[in-house]
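Report on the structure given below.
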Amino acid sequence: MRQDTTQATLFELVYGRTAILPVEREIGDKVLLHHTKVEKQWNEKFDSKWNRPFHIEKILGNRAYKLRWDNKILAKAAHGNQLKPYHQIALSFTNNIPQLKVQRILVQPDEIL
């Protein structure tokens, strides 16, 4: 609900941005699966906490999903709080990269004080 005087929601006033609500997932959506084992083991501290992009194969209800990867369906269902949307980013590199110019300024020791 927007405030009359500020025309902003309470969330926007507190956090300075609009709220992002949980998204209902659909069959075929790409998602990343949280790898909970990584957080519990010290020796895998710097490993990725998210596993490859999976496709949602089936919606089981109560925010439970069957996932598919490489035409193989995972045996265990995943809960919605273990998933996050996968956004594929297309990177293109060109030769029009701006060159940075570094300018050196020489300062004498007596000029510092």
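The values are calculated or read from the model by the stated rules, or taken from the named source; none is laboratory data. Owing to the predicted nature of the structure, the values given are computational and were not obtained by experimental measurement. Backbone-built Cβ (ideal geometry, glycine too); neighbour counts: all protein chains shown. Surface areas here come from the heavy atoms of the whole protein model, side chains and all, with no ligands, DNA or RNA. Shrake-Rupley method; radii C 1.70, N 1.55, O 1.52, S 1.80 Å.
A few notes on this one:
- Residue in segment 50-57 that is open to solvent by less than 40 Å² (accessible area, probe 1.4 Å) and modelled with pLDDT under 90 present: no
- Looking only at residues in segment 1-33 that are under 23 Å from K49 (Cβ atoms) and touching a residue at least 12 places away in the same chain (Cβ under 8 Å), the one that is least open to solvent (accessible area, probe 1.4 Å) is V31.
- The residues on offer are D4, D110, D47, and the sole one that is part of a helix (DSSP H, G or I), modelled with pLDDT under 90 and not hydroxyl-bearing (S, T, Y) is D110.
- The number of residues in segment 62-92 that are at pLDDT 85 or above and exposed (fewer than 11 other Cβ atoms within 10 Å of the Cβ) comes to 7.
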